[in-house]
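To start, the structure under review is shown below, and the notes come after it.
Since every read-out is calculated from the coordinates, none of them should be taken as a lab result. Values in this document were obtained by computation on a predicted structure and should not be read as measured data. Neighbour counts run over all protein chains shown; Cβ positions are idealised from the backbone, glycine included.
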Amino acid sequence: MLVFFTSASAESQGAEQKPPEQSEQKPPDQAKGEQKPADQATAEQQAEARMKQEIEEYREAAAKLSLSAGAAECVWTGRRITSLLWRDDVDTARRYLDLYDRFGCSAEHLKIAFRCVIQQGPIDPKAADRLAQRVHACWIDPEGTTTAASRTTNGSSAKSGTIPN
């Protein structure tokens, strides 16, 4: 019986308390729901901008490179292989290399583009966009990108009073 009286008194005390005002506090779902359209719009705009940029990159490659290196399927698989090799994922790169060969893409261009990426030095592993930019630049112009990068690297690291190697 004692248990019954205790729970009855607790219920009566809870009934006396006022519930929080609905206008002041909103459930987390509703609070996030109000911000979602603006975030969603910017996310859609960013996705659309990325898509347009990728299409433009494929057009640029087709215009500047030979058919065996500039075809969209060669550009896509070649850049992917180069990125995978840079990240030491040789097994996955080898699987993509089989696909790259089936498309009849230039093995020589892949080798030169990867060399270009390597010669430019290390990239922050957390900066995936920088790797993608470097791989694309090296894919489009592996000789010019390497030369420009080596000029800036050599020029900035030269110290006065030291004997060059």
For this session: Starting from the Cα of residue 41, step 7 Å along the direction of its Cβ; do the same at residue 64; then give the gap between the two resulting points in nm.
Result: 3.6
Problem set entry | Cleavage-rule hits, trypsin sites (Lys or Arg not before Pro), region 88-136, DSSP coil, Cβ neighbours within 10 Å at most 11 | 126
Seminar exercise, completed: Ranked from fewest to most other Cβ atoms within 10 Å of their own Cβ, 73, 143, 57 fall in the order 143, 73, 57
